[in-house]
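Only one structure is covered here, and it is reproduced in the block below.
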Amino acid sequence: MFLEPQETMPQTSVVFSSILGPSCSGQVQPGMGERGSGAGGSGDLVFQEGRLISGSLEALMEHLVPTVDYYPDRTYIFTFLLSSRVFIPPHDLLARVGQICLEQRQQLETGSEKTKLKSFSAKIVQLLKEWTEAFPYDFQDEKAMAELKAITHRVTQCDEENGTVKKAIAQMTQSLLLSLAARSQLQELREKLRSPAMDKGSVLKAKPPATQKDILGVCCDPLVLAQQLTHIELERVSSIHPEDLMQIVSHMDSRDKHRCRGDLTKTYSLEAYDNWFNCLSMLVATEVCRVVKKKHRTRMLEFFIDVARECFNIGNFNSMMAIISGMNLSPVARLKKTWSKVKTAKFDVLEHHMDPSSNFCNYRTALQGATQRSQMANSSREKIVIPVFNLFVKDIYFLHKIHTNHLPNGHVNFKKFWEISRQIHEFMTWTQVECPFEKDKKIQNYLLTAPIYSEEGEAQFSMAAHPPPHTIHVTLTSPPHGVALEGRPDHYPHATQGKLSPQG
């Protein structure tokens, strides 16, 4: 069952509120929710109980463009701009929007109605403003920027007297260029992080210094560590944008003539965030397996259980799942003697919340509770919701796979894209929360740079700690040659997500 978004997207400031009139409030006014039958193609739109559920691509594009008496609902603007890239590149959509605008402008000029022409021009600028704010990366393409300049040039021709429209266009353009510059700098940083040395990881051949600390030597307070993990999560997830998430859909083969092929600059942020999950899982396993004494290993396991519990209380489900996944890796799960000493009552609660049965029903219930808390929150602390990213991606993927892009009559199945947009909008709302916790660079540096052993290395340490029956016990005081990796390679084997079985 699909649910159309009940709340509009965060509204941008209305530059010409006096010109635009009440229809630009973000709410559909009576008689303003649909364009009239004469709006060229709107007869191809299908509404159900007042909700747009399907339409031809051409009609949907025309429904995006304002008229003198109509301004599209902001939720529709976001949903269509987000989903349209599955069918048509942004620069081609912008060209079509410009063509529709020109046709309407010519009709108004013929009627010599300057007041209506100004109102129409202001609405067009407002639409472009919302587009550039929500999806600035669309305009990094030279073709899109050229189309934007062409449209704004036509619009300014009706504003010779007071320059209100010109001023708004100048402000919009400046904000867009600043956004593109910021993303360009971020991309340069990403390229540096993707250097060959970092991709491969340098082999730690020498014995680690005797003074090398473990995580408990850096931070022994589970709450503090959970807060620092939340800092890292929010910093990394903030680099993900709605169009990045739409790559999950647009990468899939479809019956559409246009397919948005992989844009590395867009998919990298998704891969990088996914890799962070794997790195954290491997770090947990490394920290446990490299401890020599069973008593200290028990303490380490109990510490990470407490950290995972604090992550849950904060609303940081992604770090919580990564920690549990790290303890679920076989080198850790097989340590039966160590697990027998662990107080598992708190861990059982975590297992319950992350039980994969019934499509992670318990986790989804907890996520819903955190979402409700966030919506009613008065402080940033209560607004934090960081979902399990892999599960979020899978939800979008299966939503796309289960429902077709087109209906049998050729219409775009817009009901499907309402739901995808709703989920992405909710996710983006979570990413914009400012972390309220004080940043500890020392702890974060350890979390991001501490050596991580490969699964082979973890397995050897695990076997040394708990040898299988009829084997000779060997104590390892340094990492096995060639299996300890220093720093953070870009790719690690995905940690298993599921129920932990300490008896393994």
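The values are calculated or read from the model by the stated rules, or taken from the named source; none is laboratory data. Keep in mind the model is a prediction, meaning the values are calculated, not measured. Neighbour counts run over all protein chains shown; Cβ positions are idealised from the backbone, glycine included. Quick note on the areas: whole protein, heavy atoms, side chains included, nothing else; ligands and nucleic acids left out. Shrake-Rupley method; radii C 1.70, N 1.55, O 1.52, S 1.80 Å.
Annotation: average projected area of region 45-190 is 9.6 square nanometres, based on the convex hull of Cα atoms across all directions. Annotation: amide H of Ser54 within the under-5 Å range of Val46, Phe414, sequence separation 5 or more or interchain, hydrogens built in the peptide plane. Rounded, prolate or oblate: which fits region 86-133 when a ≥ b ≥ c are the square roots of the eigenvalues of the alpha-carbon gyration tensor, with rounded for a/c under 1.5 and prolate only if a/b beats b/c? It comes out oblate by the Cα gyration axes.
Solvent-accessible area per residue in region 319-438 equals 46 Å², computed with a 1.4 angstrom probe and all protein chains kept. The packing ranking of peptides 425-431, 177-183, 225-231, highest mean first, is 225-231, 425-431, 177-183, where packing means the average number of other beta carbon atoms within 10 angstrom of each residue. If you bin all the Cα-Cα distances of region 261-331 at 5 Å, starting from zero, the percentages per bin are 4, 16, 21, 21, 14, 10, 7, 4, 2, 1, 0.
When nucleic acids and ligands are ignored and a 1.4 Å probe is applied, Arg51 ends up with an accessible area of around 100 Å². Taking only protein heavy atoms and a 1.4 Å probe, the accessible area of region 45-190 is 51% carbon and sulfur.
What a 1.4 Å probe finds exposed on region 260-371 is 52% carbon and sulfur by accessible area, rounded to a whole percent.
Note on Ser379: accessible area approximately 50 square angstrom, rounded to 10, probe 1.4 Å, nucleic acids and ligands left out. Across region 45-190, C-alpha contacts under 8 Å between residues 6 or more apart give a mean separation that, scaled by the residue count, equals a relative contact order of 22 percent.
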